[in-house]
Amino acid sequence: MTGLLGGAFDPPHVGHVALADAAERQLGLDELVVVVVAGPGHKAVHCPVETRLALAQAAFPGRPVQIDQHARTVDMLRDGRWRDPVFLIGADEFAAFRTWKEPDAVLELARLGVASRPGYPREQLEEVLREVEHPERVLFFEIEPVSVSSSDIRERVARGESIDGLVPPAVAAEIAGRGLYRG
């Protein structure tokens, strides 16, 4: 199985790394590929894709990191050539899964690995499972809650505050060295 962790990574943080590590352990992934979306269809980005690629490489040393030119997951999966792909997302993203472009096609092309933290309302996840055509292709795994977001990190950097412990040290060094997110 190949785990695919996609995102804007603007910047990547310890929550992304924790999700990847937990997925590898609990789902028995053979490999995990980090996919940096060049132009996400659902959010604005603050850095060019090449910069976000470098940040992701710093966050995930030893793991393959690549750029995805597709704005939507289903298009990336249609173009991809991964062996038995499992697309990794958080429970919050899964709660909104029915709003994605062609969610049932996503589940035909890949399984979903959904990271659920203790205390997350399971009824929200069960509701989505009842609405998809292939609920058997959704795999749940547990992750410890990590209270961090890329937007919070950008705001902290803009205010001149420390981001220690919120991003891997190599990412903090890249952000500082490149003068990113300073406002």
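The numbers here are math on the coordinates, done by the rules we state, and not lab data. As the structure is a prediction and not an experimental result, all values here were calculated from the model. Every residue, glycine among them, receives a Cβ derived from its backbone with ideal geometry; neighbour counts consider all protein chains shown.
Its Cα gyration tensor gives segment 16-82 an equivalent ellipsoid, and the semi-axes of that ellipsoid, as √(5λ) in whole Å with the largest first, are 21, 16, 11. Taking a point 7 Å out from the Cα of ARG156 in the direction of its Cβ, the residues of segment 1-32 whose backbone N falls within less than 20 Å of it are 8-21. Packing order of peptides 158-164, 31-37, 93-99, highest average first: 31-37, 93-99, 158-164 (average count of other Cβ atoms within 10 Å over each peptide's residues). Highest mean packing first, where packing is the average number of other Cβ atoms within 10 Å per residue, the peptides 43-54, 69-80, 140-151 line up as 69-80, 43-54, 140-151. Close amide H contacts of LEU32 (hydrogens built in the peptide plane, cut-off under 5 Å, sequence separation of 5 or more or a different chain): GLY3.
Think of it as helices only: each DSSP H run of n ≥ 4 in the chain is worth -39500 (n - 2.57), and spread over all residues that comes to -11500 deg cm²/dmol at 222 nm. Descending by average beta-carbon neighbour count within 10 Å, the peptides 113-120, 60-67 line up as 113-120, 60-67, the highest first.
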